[in-house]
Amino acid sequence: MNTEKRKGLKEAFAVFFENPSRDSLRKLLVDHTGEHDDLDFKSALITPPILAKHIIAMANKAGGVIVFGVKETENGKFESVGIGLNDKTHFLRDINAYVPDKLSYEVIDFNFNEIEYTEIKGKSFRVVIIEYSPEYIPFLSKKDGEGIKKNLIYVRKNASSETADYNDLQDIFNRRLETSFSSAREISLTEHFKELKEIYSLINRGWWYEDFGFPVPPPDYYDDYPFMEFVANPKYPKEDYDDFVVRMLNLKKSVIESIIKSDKFFR
């Protein structure tokens, strides 16, 4: 398959994932190239624990889509056969018994009755769309069941759901760690400085009586302690809040200057 066609098929999947509709599903069913780590086909509905295993594995990898109503033939091709749909409320309830709460997924039923959809006319499909939320990985099942264990981590590998090995775990934790850095950056700089200032305010800056070894009232109360000699709190940070802000300001200026110089160099 040439690169352009492969790119087009990937785009068809992306279009459906972002905007699931009958049109985008029809295009996916017609143009797909088989199963991948992010795309799985099932000819019929499967048991809740097995399905939960696939959902968790996809969520731990990068999200994905499971389509019920597509059969793999003996020659390795896939045929859209459709399925009989059951009650979606019970379907979701049974899956949720295994899927962790932070894992986000959606179940959508599609019926094709319009005559223009000749290849799939009169057929129904159920699609499970699994979101990718790296800030919460790894996802684990809430309980044991058929083909799934509570304490194991599953991932998608070679279009199947398998138990994670050491390298898979390293990958999962690295991806989560990256989102932790990203989430920390989402807090505004103003909020960071506000919190820092509040922490500084908890430390008594001065009016420390050396003989007592603990803070005492400020100079307004000197009249009450005429025999005491007050000094600065030796435990107060050597770099106070204002000095820290100035230092950070200078560092930021240096970063901006380096970017400007680098940009001029490459022009």
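The values are calculated or read from the model by the stated rules, or taken from the named source; none is laboratory data. Keep in mind the model is a prediction, meaning the values are calculated, not measured. Note: ideal-geometry Cβ built from the backbone for every residue, glycine included; neighbour counts use all protein chains shown. Please note that ligands, DNA and RNA were not included when accessible areas were found on the heavy atoms of the full protein model with its side chains. Shrake-Rupley method; radii C 1.70, N 1.55, O 1.52, S 1.80 Å.
Before moving on, here are some points about what is shown:
- Qualifying residue in segment 183-195 (condition: within 20 Å of SER104 (Cα to Cα) and either touching a Cys at 6+ places or on another chain (Cβ under 6 Å) or at pLDDT below 80 (or both)): yes
- Top-ranked residue of segment 37-61 - restricted to ones that are outside any helix (DSSP H, G or I) and open to solvent by 40 Å² or more (accessible area, probe 1.4 Å), ranked as farthest from PHE91 (Cα to Cα): ASP37
- Residue check for GLY64: within 22 Å of GLU131 (Cβ to Cβ), open to solvent by less than 40 Å² (accessible area, probe 1.4 Å), among the small types (Gly, Ala, Ser) and at pLDDT below 90: yes
- Any hit, segment 67-89, residues being modelled with pLDDT of 80 or more, assigned to a loop (DSSP other than H, G, I, E, B) and within 24 Å of PRO138 (Cα to Cα): no
- Checking VAL99 against (1) buried (at least 18 other Cβ atoms within 10 Å of the Cβ); (2) assigned to a strand (DSSP E or B), the condition it does not meet: (2)
- Top-ranked residue in segment 125-174 [being buried (at least 18 other Cβ atoms within 10 Å of the Cβ) and of a type in the set (D, E, K, R); ranked as nearest to ILE108 (Cα to Cα)]: ARG126
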